[in-house]
Every structure is written in C-alpha cells, then in structure tokens.
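Trainee: Here it is, the structure in full.
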Amino acid sequence: MKIAVYQAPPTDGDVDAALRRLEVQLRAAALAGADVLVAPELYLPGYNRFDLHSQVSEADGAGWRARLSALTKEAGAGLVVGWAERAEGRLWNAATFFDADGTERAHYRKIQPYGPDEARSFAPGDEYVAFSVEDRAAGLLICYDIEFPEHARALAMTGVEMLLVPTANPAGFPHVPEILVRARAAESGVVIAYANYAGTEAGLTYGGGSVIVAPDGTILASAGAGEALLIAELPPHSETEGARQLKARRVV
C-alpha cells in the first residue's frame, strides 16, 4: 500500500484555486499508485483565516463535500482533507476521509484546539474515529492532537495501524515533525502521515516539514519548506504489530 501527503501552499480563502491544486495533486498521487492522499488542516477555506471560517463553512460546507467526493471518484484514490464545518449550531475544526469511490467514510472533529484563536472559534470534538483504507485500519487526528501521546495510543489500542494527520504547524516548531511525530509512531507502533502547509497566510508562516513515518519512527518520506507531494510505500502488516501489542497489554 502507498500513502501520499500534499504539503500545500496556504489556501488564504481562495477555495476554488485550492480545489484545483488539490485535484492536480490527487491525480498525480493516484498515478503513482497511492491509495490515499492527506491534505493540510482547514484546507477549506484556509487555516489562518479565522475571519472566514464561520461565514464560509456555513455557506459552502455541503458544496465542498460534493466537490471533494467528485475529485476522489475521478482520480480513483482516497483523500483526507481538513475543513471548517458548521453543524449543530457550532463550528468545528474537522477532517473527512473520502474513499476512491467518492464515498465519505469517516469524519473527525479536532479534540485538542490550539491557542486562543482556535479556542474562540471551534468547539472541541469528543470522539475518535477508525475506518479502513484498503486493508489497513486507520484513524484521524488533527495537528495539535498528535502532540499528546494519549490520542495516538487510544487509537492504536483499538487496532489502528496508521494515523492520517492534517496539520497547520507554524514555522519555529520543527520539533513537532522531527521528534514528536516520530515518537508517537514508535510509541504506538503505527504509521503516521503528517500533512502541513508551506508558505505564509495572513501573517502566519508555516514550517513545512511534512512527514510519513514508519511504525519504528523511521522517516519514510519528508518535505522541506516548499510545496511538495510525498509518496511512500508502507511496511507490511507484520511491522505494525505495535498497535495490536498495545491492545493486548491494555490494563482495565
């Protein structure tokens, strides 16, 4: 199985341009044999556009879902993408997985908001989600979630073998992809695909450094500071025994 990560330029509110770029990258990933591509956090309508999240998500959320579904069906590859969701009278920092048939298979709301802007804008989620990508059990986390070992561990203990993580990690925090993401993978015996932005959006510069990490913490693919498409072949199931071993050792 192959997995892809798109380290994208910031959306900065231009949803149509962002979707066009995503279509190109998803098609390229599919042609390279990738089963799923992971895009950054709040890709729609852009992470650091807190002025737009409520208005745009409320107006266009259903339309985004339809367009993203069509992209995956046309490309023949799955997609995880972050977006601002308006539902239940609240605003959520969400990520959704669409499979290669265009079917929405999983939807997750970020549990761990980061900083005062996120705390003011988004309600925190309260549950994990697990699903399958081809023959692999997968889970979703978003950005700051992966910096807490208990979130990765909780999913691993259900048998999840890989974590797909949209993020918006700013410049100045290289320890997150270089140390923390690798540690989470090794601690829980899971693959982690961590998809960040590259560039500047509304005064915030992103750190790039997207990675795909093996269950032993080895980096399978990594990006620098610019736009990039990463593709890596995952290790066989036998090398992701860490998740099942954690489950077996669980103390009730």
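The values are calculated or read from the model by the stated rules, or taken from the named source; none is laboratory data. This one's a predicted model, so the numbers in the text were calculated from it and none came from an experiment. FYI the Cβ positions are ideal-geometry reconstructions off the backbone, even for glycines, and counts take in every protein chain you see. For the accessible areas, the whole protein counts, side chains as well, though only heavy atoms, and no ligand, DNA or RNA atoms are used. Shrake-Rupley method; radii C 1.70, N 1.55, O 1.52, S 1.80 Å.
Trainee: How about region 41-59: which of its residues are in a helix (DSSP H, G or I) and under 26 Å from Thr205 (Cβ atoms)? Working first, answer last.
Mentor: Taking region 41-59 as the starting set, the residues that turn out to be in a helix (DSSP H, G or I) are 53-59.
Passing the criteria: His53, Ser54, Gln55, Val56, Ser57.
Trainee: Can you find, within region 60-91, the residue that is nearest to the chain's Cα centre (by Cα) among those that are surrounded by 14 or more Cβ atoms within 10 Å (Cβ to Cβ) and part of a loop (DSSP other than H, G, I, E, B)?
Mentor: Ala77
Trainee: Counting only residues that are touching a residue at least 60 places away in the same chain (Cβ under 8 Å) and over 18 Å from Ser69 (Cβ atoms), which one in region 123-136 is surrounded by the most Cβ atoms within 10 Å (Cβ to Cβ)? Please lay out each step first, then the result.
Mentor: Residues of region 123-136 touching a residue at least 60 places away in the same chain (Cβ under 8 Å): 133-136.
Next, from what is left, pick out any that are over 18 Å from Ser69 (Cβ atoms): 134-136.
Details: Glu134: 14, Asp135: 9, Arg136: 18.
The selected residue is Arg136.
Trainee: What's the number of the condition Thr11 fails, among (1) modelled with pLDDT under 95; (2) polar (S, T, N, Q); (3) assigned to a loop (DSSP other than H, G, I, E, B)?
Mentor: If we test Thr11 against (1) modelled with pLDDT under 95; (2) polar (S, T, N, Q); (3) assigned to a loop (DSSP other than H, G, I, E, B), just (1) comes out false.
For every residue, the table says whether it meets (1) crowded, with 16+ Cβ neighbours inside 10 Å; (2) free of Cβ contacts under 8 Å to residues at least 12 places away in the same chain; (3) part of a strand (DSSP E or B); (4) within 16 Å of the chain's Cα centre (by Cα).
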residue	(1), (2), (3), (4)
Gly102	yes, no, no, no
Ala106	yes, no, yes, yes
Asp117	no, no, no, no
Ala138	yes, no, yes, yes
Tyr144	yes, no, no, yes
Ala152	yes, no, no, yes
Gly159	no, no, no, no
Ala186	yes, no, no, no
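Trainee: Evaluate the following for Leu37: is it part of a helix (DSSP H, G or I), buried (at least 22 other Cβ atoms within 10 Å of the Cβ) and modelled with pLDDT of 95 or more? If you could, list the steps in order and put the result at the bottom.
Mentor: Numbers: part of a helix (DSSP H, G or I): no; buried (at least 22 other Cβ atoms within 10 Å of the Cβ): yes; modelled with pLDDT of 95 or more: yes.
No; evaluated as a whole, the condition is false for this residue.
Trainee: Then there is this: Looking at (1) touching a residue at least 40 places away in the same chain (Cβ under 8 Å); (2) among the β-branched types (Val, Ile, Thr); (3) surrounded by fewer than 23 Cβ atoms within 10 Å (Cβ to Cβ); (4) part of a helix (DSSP H, G or I), which one does Ile179 not meet, given that it meets all the others?
Mentor: Here Ile179 meets the rest and fails (1).
Trainee: If a residue must be out of contact with any strand residue (DSSP E or B) (no Cβ under 7 Å at 6 or more places or on another chain), more than 24 Å from Val24 (Cβ to Cβ), at pLDDT 90 or above and open to solvent by 20 Å² or more (accessible area, probe 1.4 Å), how many such residues does region 203-252 contain?
Mentor: 3
Trainee: Hey, another quick one. Does Leu22 count as open to solvent by less than 20 Å² (accessible area, probe 1.4 Å), at pLDDT 95 or above and in contact with a helix residue (DSSP H, G or I) (Cβ under 6 Å, 6 or more places away or on another chain)?
Mentor: Values: open to solvent by less than 20 Å² (accessible area, probe 1.4 Å): yes; at pLDDT 95 or above: yes; in contact with a helix residue (DSSP H, G or I) (Cβ under 6 Å, 6 or more places away or on another chain): no.
In short, no.
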